[in-house]
Amino acid sequence: MSTENLSDIVRRVPIFQGLDVSQFESTLSVCQKCTFEEGHIIFEEGDQSTNLFIILSGAFQVRSSTGSEIAVISEMGVVGEMGVLTEQPRSANVIAYRPAEALRITKEDLFGLIEHDRDMGVKIYRNVTHILSDRLRDNNIVLEQQYLILEDLTGDDAQT
């Protein structure tokens, strides 16, 4: 894949939206291309958060500690950003759902970029805040729907 194609992909990745040309070039300079076979464990719950991945092709599956599927992340999706940016251990297991190619950015490289260019850091953290807010809103909707289903099944009425 050419650098031009990689640049187009990185520009469309939500956490990098709004970066200027030099910020994109800096980001691309720290990306390392990786290939994963189907079933390869990318990381496991509790692992140290040392990398984030931008999926170029294929897909990663996010699983809970019990093995339940949480999400399937495909092209242009990012995994590992929460742990890297919060410096918390991994909160789920991630495996290659299909053969995949991804760009890896290490925590050290990402923090180096942010230290060097504070404006870039503000943009990235603002984007992550929006992404996490969207996920929280979506999860709240799912929880509300599940609560209503449970209420219907049990005959309980929260209003009484």
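Table: residues versus (1) out of contact with any Cys (no Cβ under 7 Å at 6 or more places or on another chain); (2) modelled with pLDDT of 90 or more.
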{"position": "Arg104", "(1), (2)": "no, yes"}
{"position": "Glu108", "(1), (2)": "yes, yes"}
{"position": "Gly112", "(1), (2)": "yes, yes"}
{"position": "Asp117", "(1), (2)": "yes, yes"}
{"position": "Gly121", "(1), (2)": "yes, yes"}
{"position": "Leu132", "(1), (2)": "yes, no"}
{"position": "Asp138", "(1), (2)": "yes, no"}
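When Ala71, Ala59 are screened for being more than 18 Å from Lys123 (Cβ to Cβ), at pLDDT 95 or above, within 16 Å of the chain's Cα centre (by Cα) and not charged (D, E, K, R), only Ala59 passes. Residues of the stretch 98-155 that are assigned to a strand (DSSP E or B) and either closer than 17 Å to Val84 by Cα or in contact with a Lys or Arg (Cβ under 8 Å, 6 or more places away or on another chain) (or both): Glu101, Ala102, Leu103, Arg104, Ile105, Thr106.
When we screen Glu81, Glu44 for residues that are acidic (Asp, Glu), out of contact with any Ser or Thr (no Cβ under 7 Å at 6 or more places or on another chain) and under 24 Å from Ile124 (Cβ atoms), the only hit is Glu81.
Might you let me know whether the stretch 131-148 holds any residue that is within 29 Å of Asn5 (Cβ to Cβ) and aliphatic (A, V, I, L, M)? Taking every residue of the stretch 131-148 in turn, at least one turns out to be within 29 Å of Asn5 (Cβ to Cβ) and aliphatic (A, V, I, L, M). Residue count for the stretch 20-46 under the criterion of being closer than 21 Å to Leu110 by Cα, under 18 Å from the mean Cα position of the chain (by Cα) and touching a residue at least 60 places away in the same chain (Cβ under 8 Å): the result is 7. Suppose the filter is exposed (fewer than 10 other Cβ atoms within 10 Å of the Cβ) and either farther than 30 Å from Thr35 by Cα or among the acidic types (Asp, Glu) (or both); does Thr154 pass it? The answer is yes for Thr154.
The values are calculated or read from the model by the stated rules, or taken from the named source; none is laboratory data. Treat the numbers as computed from the prediction; the structure is a model and nothing was measured. With ideal geometry, Cβ positions are generated from the backbone for all residues, glycine too; neighbour counts draw on all protein chains shown.
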